[in-house]
Every structure is written in C-alpha cells, then in structure tokens.
Amino acid sequence: MENLRVSMIMIMMGWLVLLTSTLVMGGPTLHKVGGIQGWNQNVNYTEWSAQQHIIIGDWLIFVFDKRYFNVLEVNSTNYENCNDRDFIKNITRGGRDVVQLTEARLYYYLSSGGYCYHGMKVAVQVEDPGAAPALAPAAPAKNASPWLRMYAGNHMILANIVLSLAFLLFMMH
C-alpha cells in the first residue's frame, strides 16, 4: 500500500513539473492567418486577429493560392489605404509562407492587385511576454482582448496547480 502511495505521489509530481515547465518554457506558436479559411477574400481578419494572442517569437503562416494572391508587409498608412506600393517586405514565396514576428509592435499585411479592397489585409498586434498585462476583470467578456483571456486562463492553471499540491499533501499524510 505504501508503494502505491509513493508511486501516486511520483506521478503527480511528474505531472506538476511537466505542466509548470510547459507554462514557463512554452515555445513559439504558429498562427495560421484566417484560421481554416486561410489568406483569402471576404474573410474578417480583424475578428481573426482579435482572437489571437501573439507574442514575440511566434510565427504567422499565410496559406493561399499564389496564382492570385500575395502577402506584403506595409506601414499603417498603406494598410489603411490598401496601397501596395512602397511595401516594407514581400514575404510571398509559394503560397504557404511564414514570417517570424521579432518585435512587440503592430504588424500590417495586405494582398496587392486590388484584393486588399476585398478584405485581404490584417493588422497583427505582437506583445512582449515579459511585459505585465493590464489589470483584468474576473470574468472577461466574449469579445475581450487576448490579454484578458490569457489572464483568466492563467487563473485556471493556477487553480489546477494549487489543487494538485493539495492532493499531494493529502496523499503524504
């Protein structure tokens, strides 16, 4: 019976270490722009972007038909006016194009050839994971910012850790 208790404690401690290391050392995330619809016309990229939590080091992948579309990084003025001249960078390579986000700032992307006017533009806010998030309400609204959703999610993780520790203490006595 004592061996079973020791085994259970070791399993729970291993799970706790795994959970904690995943939270602390979480690697970069690959975000598919537009989700299942990809980089295409008539997709609400403002809504898609608002649902993402993107941090420095994460990647964007644009999946599209390269015969029709492309991906250009532009400044805010060109983004607002759907101007594809004087772009910052053309990231188009083959229709499954990735870009790593290396700074905490607002990135702007669009498709040229008039497709921007059909909604093919996205602004992506990249956050610094080391920066403290703003104070958040206990239960964020459905349309809350990604920081607020992350803050609420961290409470659930913390609750799981506390419950795991309580279980371990119970098992030890």
Exercise for the section: Find all pairs meeting these conditions: Cβ atoms under 8 angstrom apart; at least six residues apart or on different chains; first residue within the range 41-54 and in a loop (DSSP other than H, G, I, E, B); second residue of a type in the set (Phe, Trp, Tyr). Expected result: Gln41/Tyr115; His53/Trp147
Practice task
Just give me the residues in the range 49-60 being closer than 26 Å to Asp86 by Cβ and open to solvent by less than 30 Å² (accessible area, probe 1.4 Å), in sequence order.
Solution key: Ser49, Ile54, Leu60
Completion exercise
Note on Thr77: of the conditions (1) under 15 Å from the mean Cα position of the chain (by Cα); (2) at pLDDT 95 or above, unmet is (1)
Completion exercise
When restricted to Glu127, Glu47, the only residue of a type in the set (Asp, Glu), within 21 Å of Gln37 (Cα to Cα) and at pLDDT 95 or above is Glu47
Handout entry: Those residues of the range 81-103 which are under 18 Å from Gly57 (Cβ atoms), touching a Gly at 6+ places or on another chain (Cβ under 9 Å) and open to solvent by 30 Å² or more (accessible area, probe 1.4 Å), in sequence order
Key = Gln100, Thr102
Exercise for the section: Quickly run through the range 109-129 and pick out the residues that are open to solvent by less than 70 Å² (accessible area, probe 1.4 Å) and farther than 16 Å from Asn40 by Cα. Expected result: Val124, Val126, Glu127, Asp128
Practice task
Filter the range 12-40 for residues that are part of a helix (DSSP H, G or I), at pLDDT 95 or above and either open to solvent by 90 Å² or more (accessible area, probe 1.4 Å) or acidic (Asp, Glu) (or both) and give the result.
Solution key: Ile36, Gln37
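The values are calculated or read from the model by the stated rules, or taken from the named source; none is laboratory data. Everything numeric in this text was worked out from a predicted model, so none of it was measured. Cβ sites come from the backbone with ideal geometry, for glycine too, and all protein chains shown count toward neighbours. With ligands, DNA and RNA removed, areas are computed over all heavy atoms of the protein, side chains included. Shrake-Rupley method; radii C 1.70, N 1.55, O 1.52, S 1.80 Å.
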